[in-house]
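*Asks:* Mind looking over this structure? Questions follow.
The values are calculated or read from the model by the stated rules, or taken from the named source; none is laboratory data. Since we're looking at a predicted model, the values are computed, not measured. Cβ atoms come from the backbone with ideal geometry, glycine included; neighbour counts cover every protein chain shown. Accessible surface areas use protein heavy atoms only, side chains included; no ligands, DNA or RNA. Shrake-Rupley method; radii C 1.70, N 1.55, O 1.52, S 1.80 Å.
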2 protein chains.
Amino acid sequence: MARTRKKGPGRRNALYAQSGGVTAVINASALGVIEACRRHRDRIGHLYAGRDGIVGALTEDLIDIGREDAATIRALRHPPPGAFGSARYKLKDLERDRAKYERLIEVFRAHDIGYFFYNGGNDSMDTALKLSQLGEQLGYHVACIGIPKTVDNDLPVTDCCPGFGSVAKYVAVSTLEASLDVASMARTSTRVFILEVMGRHAGWIAAAGGLAARKAGDPPHVILFPEIAFDRERFLARVKETVEQKGYCVIVASEGTRDAQGQFLSDMGTRDAFGHVQLGGVAPTLASMIKQAHGYKYHWALADYLQRSARHIASRVDLEQAYGGGRAGGELGVAGKNAVMPVIRRKSSKPYRWDIGSVAIEQVANREKMVPRNFITADGFGITAAGRRYLEPLIGGEAYPPYRNGIPAYATLKGARVRRRLTTTFVI
Amino acid sequence: MARTRKKGPGRRNALYAQSGGVTAVINASALGVIEACRRHRDRIGHLYAGRDGIVGALTEDLIDIGREDAATIRALRHPPPGAFGSARYKLKDLERDRAKYERLIEVFRAHDIGYFFYNGGNDSMDTALKLSQLGEQLGYHVACIGIPKTVDNDLPVTDCCPGFGSVAKYVAVSTLEASLDVASMARTSTRVFILEVMGRHAGWIAAAGGLAARKAGDPPHVILFPEIAFDRERFLARVKETVEQKGYCVIVASEGTRDAQGQFLSDMGTRDAFGHVQLGGVAPTLASMIKQAHGYKYHWALADYLQRSARHIASRVDLEQAYGGGRAGGELGVAGKNAVMPVIRRKSSKPYRWDIGSVAIEQVANREKMVPRNFITADGFGITAAGRRYLEPLIGGEAYPPYRNGIPAYATLKGARVRRRLTTTFVI
């Protein structure tokens, strides 16, 4: 993109910012936005990114994307996750955080930002909506476009969220591999294996573990969803029955697993041999529970950030949707839309066909989409055929990054800072 | 392979067995053995596998590999790990476990096993050696060939162990991806990330985390090796310094991290807010230590079995060496060798060139190769240029398995049982 250009009629600058936890494909959305903006140089002048997301916008620390090499921009399809930096920084409602929203409008005004592309989940959509509203109140027009992104897959309306397909693929593949490992040695070694996965409120990621099974009875034998109240006795009985029938038991547990009173297992704590409370994740809590009840040898894994950043095993479908979401968001902005978000629309599951529409942000902001009951088996421990039909296309296809010296190659942004125009500062 | 055949002069049957934890590429070694045996039908009649490793041999539960489809056999290059089953079942010395060794010879005699290919690590090599010795004592000749396999990379003489390159690649790639994730959000979120990896005695797997760095100062910022005594104060100071300089700190910790008294951190326990001892892995122990000392927000991951079974990100070099080791082992047996093991010999590091030689098993049995001091930086927290020169070629190249429905495709063995010839039984 040219570094300087005349400001034509109706031409304004654009700001892109990432928000919250990264995904394996978040930069593909950035690439989509960038390419859409480049197609409309008559409407969009400079394209900036907030360094560390909204924090960069608040502190007037903007990256000039136009000063990056074309090759670096193209490499956004690959690692690293979160090239421009992101932030876990929630803006509350307009009353409580009005000063922050006003500061954003102040920075936007100083840099003639007419388009704001905010790439995040539920909270970010809420911020984009409020910003758009406050801009109108203050007489400053800025098109606020949400670009969907969340590994949790909990945004409503859209068929799925960019970022989810890749974490789902990681979890399905890892569950399969670990299951084959356990199966091969169960006769003389580990009987129970537990994989703890993300998803504190919605069980989409745990559900994806079910894709490791090719037929009924294949591992994972137990999936624990936040949507289904955890019942210790039923769970322990199922584990025992599985070990007795199959020789081993593989469990995929959401970090959000909770009991009928809504208490998270991860907060519950178990007691060790000395009667001391043990705090920690869901996996060690379950392992300890099984050990005490049945004495089985166990192993457990906690994938944590490895699952959401696993670009090496990204879903090709997910990568395409992430790019498509960014691209569509850019086009929506140029088309004069405001407070909207692109959504994935499923046309058919087999073969998987989809396109991109859009929705008013207020329909998605601060709303969460849980795993519907008909995707979960009657016993609450697995996914149904309907659940599989929904999930399976999302992990379809591989999209390997290039490698150098055995690890994924990635380009590093220059991250050139846009000259400050304000004399005021903002402290985070 | 034909199901029945005339027994020619000098033609005897062969038995292949896997031992201990699987690796991502263990079946490639099986494929190598099978293909070598097929090339010598004049010497090797039937080829069997022990179901669940040595347990199958002891209980006379043998799989007739000749009854598997050719396509299934070719698919052994891909998942699953441990196609024939494996066992964690150690035979002690000849005095204490003589009955077991004699039972093995009894089964071998019943099935005219003249070649025993044992695919495992240090313990397994010891078993192969003793079996060969006892056979001679009892007047029963069986060529016992060790096929090297261990993710721990701790067998001496051989340049590296098949299985290690793939776990090393998994750890290097995962460390890179998680580091980029943490870096992108450190300003407002997680400051410290800890990845706990396998390797209770030797720090090879932890060392591989160092390959995620492209240049000095890149993450991981701290590696903890079993070879270096853990010093709490020095560790905490390094973490603080790193967070202050870089904004975040990434740590790769071996499960075998121990202090100067040899006490494992994982056995040490920390105390929670209520003064209760917390047991668990190294990662939560370190996280808790850092939280108490510095208050940083942390995350940690425990890859456990995911790392050793990760066929989806196997090293191509490792896959070739695993296959090559199996193939060479088969050839050594046919050539009349006994109590030997193929070894990888490094010819050059850049470009990486290697071939396969062999060594007497007694030179490798029950010996462990630790990470040498000159591979570890003076401060004990990283790998040196020499360490990198050794490690980097081993993770070279990718070897993706085929996929179906978004997950790795794999063939399932028929596992047809060889007719029993003994009336005696053996209880495990």
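*Asks:* Would you mind working out the magnitude of the charge dipole of chain B relative to its Cα centre, with +1 at each Lys and Arg C-beta and -1 at each Asp and Glu C-beta, to the nearest 20 Debye? Don't skip to the end; give the middle numbers.
*Replies:* Numbers: 60 positive and 43 negative charges, 282 e Å.
Charge dipole of chain B: 1360 debye, to the nearest 20.
*Asks:* Here is a follow-up. Need the list of lysines near A:Lys100 for cross-linking: C-alpha distance under 17 angstrom, and skip anything on the same chain fewer than eight residues off.
*Replies:* Filter leaves A:Lys90, A:Lys92, A:Lys130.
*Asks:* Skipping prolines and chain starts, which residues have an amide H placed within reach, meaning under 5 Å, of the one on A:Ile376, given they are 5 or more residues away or on another chain?
*Replies:* HN-HN under 5 Å from A:Ile376: A:Thr384.
*Asks:* Using 10 Å bins from zero, what percent of all Cα-Cα pairs in the protein assembly as shown falls into each bin?
*Replies:* Answer for the protein assembly as shown: a P(r) of 2, 13, 21, 23, 19, 11, 5, 3, 1, 0 percent.
*Asks:* Rolling a 1.4 angstrom probe over the protein chains, ignoring ligands and nucleic acids, what is the accessible area of A:Thr127 in square angstrom, nearest 10?
*Replies:* 10 Å²
*Asks:* Let me ask something else. If we count trypsin sites (Lys or Arg not before Pro) as exposed when they sit in a DSSP loop and have at most 10 other beta carbons within 10 Å, what is the longest stretch of chain B that avoids them all?
*Replies:* B:216-418
*Asks:* Going by a 1.4 Å probe on protein heavy atoms, which residues of the range A:159-204 end up with at least 40 Å² less accessible surface in the whole assembly than in their chain alone?
*Replies:* A:Val173, A:Leu176, A:Glu177, A:Leu180, A:Asp181, A:Ser184, A:Met185, A:Arg187, A:Thr188
*Asks:* Suppose you put the label 7 Å out from Cα in the Cβ direction; list, shortest first and in nm with one decimal, how far A:Arg389 is from each other copy's label.
*Replies:* Going from nearest to farthest copy, the values are 6.1 nm.
*Asks:* Under 10 Å, Cα contacts only: if you run a Gaussian network model on chain A, which one of A:Gln18, A:Gln363, A:Gln137 comes out with the highest mean-square fluctuation?
*Replies:* With Cα springs under 10 Å in chain A, the top fluctuation among A:Gln18, A:Gln363, A:Gln137 is at A:Gln137.
*Asks:* If you don't mind, there's one more thing I want to ask. Ignoring everything except DSSP H segments at least 4 long, calculate the 222 nm mean residue ellipticity for chain B; use -39,500 (n - 2.57) per segment, divide by total residues, nearest 500.
*Replies:* Values: 13 runs with 142 residues, N = 428.
Computed ellipticity for chain B at 222 nm equals -10000 deg cm²/dmol.
*Asks:* A drop of at least 50 square angstrom in accessible area, chain alone versus all protein chains together, probe 1.4 Å. Which residues of the range B:72-112 meet that?
*Replies:* Correct list: B:Arg88.
*Asks:* A follow-up question, please. Tell me which of B:Gln321, B:Ser349, B:Val334 sits at the most positive position along the dipole axis of the range B:290-428, charges placed on C-beta atoms (Lys, Arg +1; Asp, Glu -1).
*Replies:* B:Val334
*Asks:* In sequence order, what are the phi-derived ³J(HN,Hα) couplings for the range A:199-210 according to the Karplus relation 6.51 cos²θ - 1.76 cosθ + 1.60 with θ = phi - 60°, rounded to whole Hz, with x for glycine and proline?
*Replies:* Values per residue, Gly and Pro as x: x, 6, 10, 10, x, 4, 5, 4, 4, 4, x, x Hz.
*Asks:* Would you be so kind as to list the residues of the range A:305-340 that have their accessible area lowered by at least 40 Å² in the full protein complex compared with their chain by itself (1.4 Å probe)?
*Replies:* A:Tyr305, A:Leu306, A:Ser309, A:His312
*Asks:* How big a patch of accessible area, both sides summed and in Å² to the nearest 100, lies buried between B and A at a 1.4 Å probe?
*Replies:* Summing both sides, the interface buries roughly 6200 Å².
*Asks:* Shortest first and in nm with one decimal, please list how far the A:Arg109 label point sits from its counterparts in the other copies (point 7 Å along Cα→Cβ).
*Replies:* Label-point separations across copies, in nm and ascending: 9.8.
*Asks:* Can you give the accessible area of A:Asp231, probe radius 1.4 Å, in Å² rounded to 10?
*Replies:* Near enough 70 Å² of accessible area.
*Asks:* Given H placed on each backbone N at 1.01 Å, which residues far from B:Cys160 in sequence or on other chains put an amide H within less than 5 Å of it?
*Replies:* Sorted by chain and number, the residues that satisfy this are B:Ile344.
*Asks:* Leaving out ligands, DNA and RNA, and with a 1.4 Å probe, what % of the accessible surface on the range B:1-135 is carbon or sulfur?
*Replies:* Looking at the range B:1-135 in its full context, I get 45 percent from C and S.
*Asks:* Also, quick follow-up: Using a 1.4 Å probe, what is the accessible area per residue for chain B, in Å²?
*Replies:* With the other protein chains kept in place, chain B gives 35 Å² per residue.
*Asks:* Where in the range B:66-173 are there GluC sites (Glu not before Pro) that are in a DSSP coil and have at most 10 other Cβ atoms within 10 angstrom of their Cβ?
*Replies:* In loop regions of the range B:66-173 (DSSP not H, G, I, E or B), the sparsely surrounded GluC sites (Glu not before Pro) are B:Glu95.
*Asks:* Using a Gaussian network model of chain B whose springs link C-alpha atoms within less than 10 Å, name the residue from B:Ala283, B:Ala17, B:Ala216 with the highest mean-square fluctuation.
*Replies:* Comparing B:Ala283, B:Ala17, B:Ala216 in the GNM, the peak value goes to B:Ala216.
*Asks:* When the Karplus curve 6.51 cos²θ - 1.76 cosθ + 1.60 is applied with θ = phi - 60°, which whole-Hz ³J(HN,Hα) does each residue of the range B:253-258 get, with x for Gly and Pro?
*Replies:* 10, 6, 4, x, 4, 9
*Asks:* Nearest-5 percent of antiparallel DSSP beta bridges in chain A?
*Replies:* Counting only bridges with both partners in chain A, antiparallel ones make up about 35 percent.
*Asks:* Could you give, in nm with one decimal, how far B:Asp231 is from each other copy of that position, shortest first, with labels 7 Å out from Cα toward Cβ?
*Replies:* Relative to the other copies, B:Asp231 has label-point distances of 5.6 nm.
*Asks:* So in the protein assembly as shown, what percent of DSSP beta bridges are antiparallel if you round to the nearest 5?
*Replies:* 40 percent
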